[in-house]
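We did not get these values from a lab; they are worked out from the coordinates using the rules stated. Worth saying up front: this structure is predicted, and the values here are computed from it rather than measured. When we count neighbours, we look across all protein chains shown, and the Cβ atoms used for this are built from the backbone with ideal geometry, even at glycine.
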Amino acid sequence: MTATVPRATTVPAAKAPAARPPRRGPLRWLREHLVPIAAALAFCYMLLPNVVVVLFSFNNPTGRYNYTWQEFSLDAWKDPCGPAGLCDSLGLSLRVGVVATLLATALGTLAAFAMARHRYRGRSTTNVLVFLPMATPEVVMGSSLLTLFVNLRVPLGATTILIAHIMFCISFVIVTVKARVAGLDPRLEQAAMDLYANERQTFTKVTLPLVAPGILAAALLSFALSFDDYIITNFTASASSVTFPMYVWGTASRGTPVQINVVGTVMFLLALSAVGIGQLVSMRNRKRATR
Amino acid sequence: MTALAVHPVPGAEDGPPDDADEARAVGRKRSTPYLLLLPAGVWLIIFFAVPLVFLLSQSLQTGSLTTGYALTWNFAIYPEAIAQYSEQLIRSLVYAASATVLALLIAYPLAYTIAFRAGRWRNLLLVLVIAPFLTSFLIRTLAWQNILATDGPVTGALQALGVTDLLRGIGLIDGNKLLGTPLAVVTGLTYNFLPFMTLPLYASLERIDPRLHEAAGDLYSTPWTGFRKVTLPLSMPGVVAGTLLTFIPAAGDYINSQLLGSPSTTMIGQVVSGQFLRVLDYPTAAALSVVLMLTILALVTVYVRRSGTEELL
Amino acid sequence: MATSALQGAPMPTTDDRTTSDGDLRLVGITKRFGRFTAVDDLDLTVPQGSFFALLGPSGCGKTTTLRMVAGLEQPTQGQVLLGDRDVTGTKPYQRPVNTVFQSYALFPHLDVFENVAFGLRRRRKKEVKADVDAVLELVQLEHLAKSKPGLLSGGQQQRVALARAIVNRPSVLLLDEPLGALDLKLRRQMQVELKRIQTEVGLTFVHVTHDQEEAMTMADTIAVMNGGRIEQMGSPTELYERPCTTFAANFLGQSNLIQATVTGTAGDDLLIDVHGQRVTLPRQRSTVTDGRLWLGVRPEKLRVAGPDDAGNRLTGIVTDASFIGVATYYLVRMPWGQELTVVQQNDGTPPLPPGEPLTVTWLPDHGFGLDATQDEHAGAEAIDPDAPAPAGAAR
């Protein structure tokens, strides 16, 4: 022991002169914190538009264009439905979003159980069928649906929008729920059956509660995708079925009303709380999960 | 219902047990998986796969919307459409590739920080990554119009710093305008698809044991070498997934080029939607759509093969 | 090892009892997965109220056997009987059998109380609260009733899993490597506790393990399994003192197996030639009575011979001596090249250094004779009782 002490002090001492100069400079600090600094800048980049959206919801623009800051005003917040058609389009988007979410989540969850749990002929075909919609550009999906509807003389409108939304949400639901089902320890279900739960009870008392967070996440994702979609919707909509993104697009060229920023701000806050609550729940679940 | 499907048993991989045995052992029917798959499968076939067939057929038809179309196997439309719109097609791929590379460069430190340096702030930061992107895509892209507007704060700051001159010098922008330039379009694309890059990267980084990096340091690696030889290779599945999830939608996107660009930055998505919805030249539009899909599929296949991560598909 | 074998205490003998209505019987059980035979025509009777261990290396079919009793697997052939009731083909939830799973399989979304109450609620029992409280008290976890399993330590989780099973008063309680995930110290503690609980509640325990020490500490009867069959069954002392196969001799403790030949008999003893030296072995301690055989002696039964010790003697050269305090482990090279392991209790004589000649001696009653056609190394790979189970072992 004692013999090593002098050596241990002499070795760094010999290297010290070479290592000393860069110490304690602002450059060194920068180098050590390069990655977090880059991350902070990335956050600024990601959050900047949201800040602008919130800020400009309090603007009182002089002309048609809400581009430059004029003066603080609550006018838009007091009258969110002011611009013609805005709230109608929001209503349509909400209705389409809710129905698409419910159906896509139901269909996707069933399929996810089959894919995670069963061995069957044609597995790879179903995998491709689920993967491809996520790997296809929206403009291709939208245009192909349009040719289908036009060729079969299906009138475009809310129904065709709904059909399209369910289609592109299903894949995301399947992927999300499948991961959750596959991560489920099969022994938990075996334990339930060992403890006198029949197949139905095993499913309702053990399987479903454990998969539920995945299903909920899939539903939230579906709603967000459906509510926000413009490209595919634009191909499958008619002039009388205007969703909120279509309304925004329509106003973009002739000057967007401030109320759009109000809606954007509310969406941001809702999304923040929804995702925040989701994270809190999953944090609690992770803590309680058996290792 | 689906209980007891996966048994960890010795030798189970030797082959499934014989039929009678299987049925007795788990008490479920062979038709169960098909019944579960049926609704979603039918939906995807009718509204995803079948439309692609219609699209292909549409591209080979001649006629007009008013007089009606007939399938004439007009393959000539493909070389014509490609020749006419090759500029937009190539531009789309270049913009998408640039946005993908930029998103990777921005998202990697972000995901790395959240995974390894965030400590108890990790969940809060994840919320901050996800939440902004649940706000309307269009509204956020319009916000970029504000940010990049000629008399906006960003343009002013860049001008003051001399960045504008630099960008003009290397030909990325004309004059003092940012809006309407390729730079603005790529900035918007990068921004809009950043979470698709960040989340898969985070997922793959989070799984890496931080002690591996310490072990590399213990085995004489500098932090940079340790990153290059240990962390980066282990995060490759996330890199591949993230680049695919960014590149594919970016290549077909037209919202950014429409709202932030100018006629000289037109992307292929704009052409397809314009031909379908305004010009009503269905065959050309369908042909371009098919070309876009095949090009992306080909690029993705080559990319996935080369990066050796086929199992991701 | 020898000491733990003696702890087995009074054991019920399995051979000469008649079937009572609570016995677990497996009749001609076979389980195949594709071409792989996991369990091969197995017959087994586990008497009611006994603590029975299925001992074997990973992949020997012991867990598959357990799962067939639980109903989680159905036999390809054969029957499972609980008393007179044939439960073959019934679902797990239709059997009065409960399992303590290898990784406990506690429900992460339910607290400890609800985990334990799960089986009672499914069977619509009244008095759920009283029963659960009583069993939690038995496993000393009353204070954690409202905790989620994820917050518990390994030992606590193990006890919840046990409580969750025994609260149902099953006819048979199955334990699938229940202590495999615990560290050595906790494992020892839980072994004692499990045995205590079994005595208190008086249920039939069937315990699957690859850890021979664990089996010997707790079980009244051990069945040594290998390749889907039972090699030998008996009380821990029977198995240890009189193994019948080389696999049992090597898997349960350690054995010196010496190639030898029977040359004749003298009274009740066999006369045996070991590479030119004459030793004896009682006839009833050998499975073969003429020709070649494996002569087995446990290392601790070999002693360094004094000048006037009676018994069998062999002389060799010490090649290695490890002093471990309570004993000295010798490797002694015999003239025919084989090295015998000798465990010499520390009786005060200083250890012999390598190179010294050493004569070992043992009582004829301590030897055993095995079929010479068997592999002398069978079962020898897994002799270390403290080695952690390999990943995915004994599934």
Exercise. What order do you get for C:101-110, A:124-133 when each peptide is scored by the mean count of other beta carbon atoms within 10 Å, highest first?
Worked result: C:101-110, A:124-133
For this session: May I ask what percent, to the nearest 5, of DSSP beta bridges between residues of the protein assembly as shown are antiparallel?
Result: 80 percent
Problem set entry | Spatially proximal aspartates and glutamates relative to residue C:146 (Cα-Cα < 13 Å; intrachain offsets below 8 disregarded) | C:111, C:114, C:133
Seminar exercise, completed: For chain B, whose charge dipole is built from +1 on Lys and Arg Cβ atoms and -1 on Asp and Glu Cβ atoms, the candidate among B:134, B:92, B:146 with its Cα farthest towards the positive end is B:146
For this session: Pull up all non-local amide H partners of residue C:339: gap of 5 or more, or a different chain, and H-to-H distance under 5 Å with H placed in the peptide plane.
Result: C:334
Exercise. Under the definition of Cα pairs under 8 Å and six or more residues apart, what whole-number percent is the relative contact order of segment A:68-207?
Worked result: 35 percent
Seminar exercise, completed: Taking chain C and counting helices only, DSSP H stretches of n ≥ 4 at -39,500 (n - 2.57) each over all residues, the nearest-500 ellipticity at 222 nm comes to -6500 deg cm²/dmol
Problem set entry | Per-residue mean of C-beta atoms belonging to partner chains within 10 Å, peptide A:204-216 | 2
Problem set entry | Free-standing Cys, chain A [no other Cys Cβ under 4.7 Å] | A:44, A:169
Exercise. To the nearest 0.05, how large is the calculated FRET efficiency for residue B:53 and residue B:279 if R₀ is 25 Å and r is the Cβ-Cβ distance?
Worked result: 0.60
For this session: Obtain the nm distance between the two label points defined at residue C:336 and residue C:283 by a simple spin-label model: each point lies 7 Å from its Cα along the Cα-to-C-beta direction.
Result: 2.4 nm
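Grab the beta carbon distance between residue C:329 and residue C:35, set R0 = 41 Å, and tell me the FRET efficiency rounded to 0.05.
Details: r = 43 Å, r/R0 = 1.06.
Approximately 0.40, to the nearest 0.05.
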Exercise. Contour minus end-to-end for residue B:306 and residue B:172, with contour as 0.36 nm per residue of separation and end-to-end as the Cα-Cα distance?
Worked result: 45.1 nm
For this session: State, in angstrom, two size descriptors of segment B:69-144 derived from its alpha carbons: Rg to one decimal place and Dmax to the nearest whole number.
Result: 20.9, 64
Problem set entry | Average partner coverage of C:22-30, which counts Cβ from other chains inside 10 Å | 0
For this session: Would you please classify the overall shape of segment C:128-215 from the alpha carbon gyration tensor, given that a ≥ b ≥ c denote the square roots of the eigenvalues, rounded means a/c under 1.5, and beyond that prolate means a/b larger than b/c while oblate covers the rest?
Result: oblate
Exercise. Running Debye on segment B:188-246 with equal point scatterers at the Cα sites and no solvent, what base-10 log of I(q)/I(0) appears at q = 0.14, 0.15, 0.21, 0.29 Å⁻¹?
Worked result: -0.44, -0.49, -0.76, -1.04
For this session: Set Lys and Arg Cβ to +1 and Asp and Glu Cβ to -1, take the dipole of segment B:87-312 about its Cα centre, and tell me which of B:182, B:261, B:163 lies farthest positive.
Result: B:163
Exercise. What nm distance separates the two modelled labels at residue C:130 and residue B:219, each placed 7 Å from Cα along Cα→Cβ?
Worked result: 6.3 nm
Seminar exercise, completed: Sorted largest first, the Cα spans of chain B on the principal axes come out in Å as 75, 68, 34
Exercise. For segment A:85-256, what are the per-bin percents of Cα-Cα distances with bins 10 Å wide, up to the bin holding the maximum?
Worked result: 10, 32, 29, 17, 9, 3, 0
Problem set entry | Sequence-distant residues sharing a close amide H with residue C:296 (under 5 Å, placed H) | C:258, C:368, C:369, C:370
Seminar exercise, completed: Rounded to the nearest 500, the 222 nm mean residue ellipticity computed for chain B from DSSP H runs (n ≥ 4, each -39500 (n - 2.57)) alone is -20000 deg cm²/dmol
For this session: Counting helices only, and only those DSSP H runs with n ≥ 4, report the 222 nm mean residue ellipticity of chain A as the sum of -39,500 (n - 2.57) divided by its residues, in deg cm²/dmol to the nearest 500.
Result: -24000 deg cm²/dmol
For this session: Among C:164, C:283, C:242, determine the one that fluctuates most according to a GNM of chain C built with springs between C-alpha atoms less than 10 Å apart.
Result: C:283
Problem set entry | Unit charges on C-beta of K, R, D, E only; dipole of segment B:176-313, Debye | 280 debye
For this session: Could you give the spread of the C-alpha atoms of segment C:254-371 along their three principal axes, from largest to smallest, in whole angstroms?
Result: 40, 26, 25
Seminar exercise, completed: Between the modelled labels at residue A:74 and residue B:211 (7 Å from Cα along Cα→Cβ) the distance in nm is 5.8 nm
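For peptide B:118-125, compute the average count of partner chain beta-carbon atoms within 10 Å of each residue's beta-carbon.
2
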Exercise. Any idea what the relative contact order of chain A is, in percent, if you count C-alpha pairs under 8 Å spaced at least 6 apart?
Worked result: 30 percent
Problem set entry | About the Cα centre, charge dipole magnitude for the protein assembly as shown (Lys/Arg +1, Asp/Glu -1 at Cβ), debye | 3060 debye
Exercise. Highest GNM mean-square fluctuation, chain A, Cα pairs closer than 10 Å: which of A:111, A:179, A:40?
Worked result: A:40
Exercise. Is the shape of chain A best called rounded, prolate or oblate, per the rule: a/c under 1.5 gives rounded, else a/b larger than b/c gives prolate, else oblate, with a ≥ b ≥ c the square roots of the Cα gyration tensor eigenvalues?
Worked result: oblate
For this session: Please name whichever of A:261, A:103, A:46 sits farthest to the positive end of the charge dipole of chain A, dipole taken about the Cα centre and charges placed at Cβ: Lys and Arg +1, Asp and Glu -1.
Result: A:46
Exercise. Structure shown: which of A:205/C:126; A:205/C:129; A:205/C:148; C:125/C:148; A:178/A:205 lie over 21 Å apart, alpha-carbon to alpha-carbon?
Worked result: C:125/C:148
Exercise. About the Cα centre of segment C:159-208, what is the dipole size in debye to 20, counting +1 per Lys and Arg Cβ and -1 per Asp and Glu Cβ, all else neutral?
Worked result: 140 debye
Problem set entry | Those residues of segment C:272-307 whose amide nitrogen sits under 11 Å from the label point placed on residue C:254, 7 Å along Cα→Cβ | C:299-300
Seminar exercise, completed: Sequence order, segment B:110-124: Karplus ³J(HN,Hα) from phi using 6.51 cos²θ - 1.76 cosθ + 1.60, θ = phi - 60°, Hz rounded, Gly and Pro as x, gives 5, 5, 4, 4, 5, 6, 10, 10, 7, x, 7, 7, 3, 5, 4
Seminar exercise, completed: So, over other residues within a Cβ distance under 15 Å of residue C:339, counting Lys, Arg +1 and Asp, Glu -1, the net charge is -2
For this session: Amide H neighbours of residue C:302 under 5 Å, at least 5 residues apart or on other chains, H built in the peptide plane: list them.
Result: C:343
For this session: Averaging sequence separations of C-alpha pairs under 8 Å and six or more residues apart, then dividing by the length of segment B:87-312, give the relative contact order as a whole percent.
Result: 28 percent
